[in-house]
Amino acid sequence: MKRVAISTLGCKTNQFESAAMVEQLSAAGYEVVPFTSLSDIYIINSCTVTARTDAETRRMIRRARRLNPAARIIATGCYAQVAPGELEKMPELDAVLGNSEKQHISELLSDTDYQVSDIATVSRAEALNLTSFAEHTRAFLQIQNGCNSYCAYCIVPYARGASRSVPPEAVMEGVRNFAASGFQEVVLTGIHLGAYGLDLPSPTTLTELVRRIDGGDIVPRLRIGSVEPNEVTTELLNLMATSPRICPHLHLPLQSGSDTVLDRMGRHYTAAFFRELVTTMSTTLPTVFIGADVIAGFPGESVAEFEETVRLIEELPFSDLHVFPYSSRPGTPAASMAGQLPARVITERAARLRSIASRKKAAFFSASLGRECTVLVQSYDEATGICRGLTTNYIPVVFPDGRGLVNGVVRVVIDKVLENSCSASVLSGE
C-alpha cells in the first residue's frame, strides 16, 4: 500500500477539496499519512492569493523533498493553475496538476507529469463526493466555485474560472452525507458564495438553498461562509433570525472603508452601504458575529483614505477582522497601478488595523459574559481535562470536565474572557 501525504494552503474551499482527495485516495487503496511523515507521494494543494503564499508552496515542495528524497512530489491547486511554468522549473517537483485535475487525482498520481486544463472553459461545478472530514464535528461543504468579479487585486478568477454552482440536489445529498456520518455542523463554502445558483439552468439563490437545507432539518447547525456585502439580503438575514439551525455568524469582505479605494479595487458598493448593512445585521441578529476582510496599503492609498477605513471599522460592531497587508500579485491590474506603497507603510497600517481588531474581538467576547450559549464540543484534552468548543456565534469556549462530550452539544454560561477564547461553566448536556 503506497503512502500519500497532503499539505493544504489557503481557503476553506481548498480544505474541502483536500478532504475530498483524501477520501478518493483512500478508496483507491492509498494510505494517507501526515505531511510530516515519511511518504511515497506528497501532494501540495497550493494557494496563490499573494506572492507570500506562492513562496509558501515552494517551501513546502522543498520540505517534502527533504522528508523523502525518493518520493514523488506533486503540486496542484491555484498556484499550479495560474503559474505551472514557474513550478515546473523546480527540480524538487515531479508533477503539476491543475484545479480541475483534483477530481481525478487518484488516476493521475503515478505517471502524469503535467496536466493543467484551461479552467476558463469549465462551465459547471462537479459535486465532490465527501462523507468524512479531518475535524470530526464540523464539515465544510463546497457548493460553488469560481468568480466573475475580477477585483483589481485578485488572481482567483484566473485560478478558479467562472462562477459555477453545485446543483441543489447534490448540495442536499452532501449535507445528508455529512449528517449521516455524525457531523453536527455543516459550513457552506465557495469562492463567490453569494453568486450561488445564478448560473444554473433553473436559476436559484443562496437564500433559497439555505432555506431548503434549514427546512429539511437535516443537521443541527448550518453555517454560511464569506458573502459579498451587496449579496447579503434582508431575506437572508430574516431567515437567519428565525431559524434554530442557521448560526448567527457572517463574514464580509470589506477590503476598504474608503469609496475611492473601493472604486480602484473594482468593488461594487460604498462605505455608506456597508455601514447600513452592518447596522441592519446587528439589529436583526443581536448576537451575530460579524467578521470582515480588510486590505492595508492598496496602491495609491493615501493617509486620508486609510483614515476613512479606520473610522469605519472603529464605528461598526465588528467581532473580528482578517487583515491582509497588500501584496502585489503579478497578473492582476493592481500590480501595475501607480502609487505602490513602501513595505514599511503597509506593515504599519496592517499593525494598526490588527490592534483595532483585537479590541473589537475582546469587546465582543466581553458582551457575552453571563450569557447562556449552546456549544458544539470539538475536543477534549486528557492531560488537562479541558474541553474546547464553539458557540453558534463563533466564540471559542473552554470548560473543564467534559470527558465523553466531544461532538455533543451542551449549554454553558460564559464566565470569563481569555486571550483568544472564553471560559464557561456547563449547565446541561443536550
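Whether a residue is surrounded by fewer than 20 Cβ atoms within 10 Å (Cβ to Cβ), in a helix (DSSP H, G or I) and either in contact with a Ser or Thr (Cβ under 6 Å, 6 or more places away or on another chain) or free of Cβ contacts under 8 Å to residues at least 40 places away in the same chain (or both) was assessed, and Ala335 passes this test.
Flag: Ala304 matches the condition of being more than 23 Å from the chain's Cα centre (by Cα) and either modelled with pLDDT under 95 or among the small types (Gly, Ala, Ser) (or both). Do the conditions hold for Val398, that is, is it closer than 30 Å to Thr309 by Cβ and β-branched (Val, Ile, Thr)? No.
Filtered by the rule that a residue be out of contact with any Ser or Thr (no Cβ under 7 Å at 6 or more places or on another chain) and surrounded by 18 or more Cβ atoms within 10 Å (Cβ to Cβ), segment 253-268 gives Leu254, Gln255, Val261, Arg264, Arg267. Among the criteria (1) of a type outside the set (Val, Ile, Thr); (2) in contact (Cβ under 8 Å) with a residue 24 or more places away in the chain; (3) farther than 13 Å from Leu87 by Cβ; (4) out of contact with any Asp or Glu (no Cβ under 6 Å at 6 or more places or on another chain), the one Arg3 does not fulfil is (4).
Criterion applied to Leu312, Leu353, Leu321, Leu341 was being part of a strand (DSSP E or B), surrounded by 15 or more Cβ atoms within 10 Å (Cβ to Cβ) and modelled with pLDDT of 95 or more, and the one residue passing it is Leu321. Name the single residue, out of those in segment 416-428 being over 27 Å from the mean Cα position of the chain (by Cα) and loosely packed, with under 15 Cβ neighbours inside 10 Å, that is modelled with the lowest pLDDT. Filtering segment 416-428 for residues that are over 27 Å from the mean Cα position of the chain (by Cα) and loosely packed, with under 15 Cβ neighbours inside 10 Å, the one modelled with the lowest pLDDT comes out as Ser428. The residue that is nearest to Gln81 (Cα to Cα), among those in segment 151-176 that are assigned to a loop (DSSP other than H, G, I, E, B) and of a type in the set (Gly, Ala, Ser), is Gly161. Right, Arg66: within 25 Å of Ser327 (Cα to Cα) and either out of contact with any Phe, Trp or Tyr (no Cβ under 9 Å at 6 or more places or on another chain) or at pLDDT 95 or above (or both) or not? No: the conditions fail for Arg66.
Within segment 154-176, being without any contact (Cβ under 8 Å) to a residue 24 or more places away in the chain and within 21 Å of the chain's Cα centre (by Cα) holds for one residue alone: Pro157.
If you go through segment 384-407 and keep only what is closer than 23 Å to Ala179 by Cβ, under 24 Å from the mean Cα position of the chain (by Cα) and part of a loop (DSSP other than H, G, I, E, B), you end up with Thr392, Asn393, Tyr394, Val406, Asn407. Only one entry of Ser328, Ser358 meets the criterion of being assigned by TED's automatic domain parsing to the domain that holds Gly182 and modelled with pLDDT of 95 or more, and that entry is Ser358. Regarding Glu301, is this residue in contact with a Phe, Trp or Tyr (Cβ under 9 Å, 6 or more places away or on another chain), among the acidic types (Asp, Glu), buried (at least 20 other Cβ atoms within 10 Å of the Cβ) and touching a residue at least 24 places away in the same chain (Cβ under 8 Å)? For Glu301, the condition - in contact with a Phe, Trp or Tyr (Cβ under 9 Å, 6 or more places away or on another chain), among the acidic types (Asp, Glu), buried (at least 20 other Cβ atoms within 10 Å of the Cβ) and touching a residue at least 24 places away in the same chain (Cβ under 8 Å) - is met. Selection over segment 4-13 of residues that are in a loop (DSSP other than H, G, I, E, B) and in contact with a Pro (Cβ under 9 Å, 6 or more places away or on another chain) gives a count of 0. Does Val294 fit the bill of being within 21 Å of the chain's Cα centre (by Cα), modelled with pLDDT of 95 or more and within 17 Å of Thr53 (Cα to Cα)? No; evaluated as a whole, the condition is false for this residue. Scanning segment 210-228 for residues that are more than 22 Å from the chain's Cα centre (by Cα) and of a type in the set (Val, Ile, Thr) returns a single hit, Ile218.
The values are calculated or read from the model by the stated rules, or taken from the named source; none is laboratory data. Predicted model only: the values in this text are computed from it and were never measured. Because the Cβ atoms are built from the backbone with ideal geometry, glycine has one as well, and the counts that use them run over all protein chains shown.
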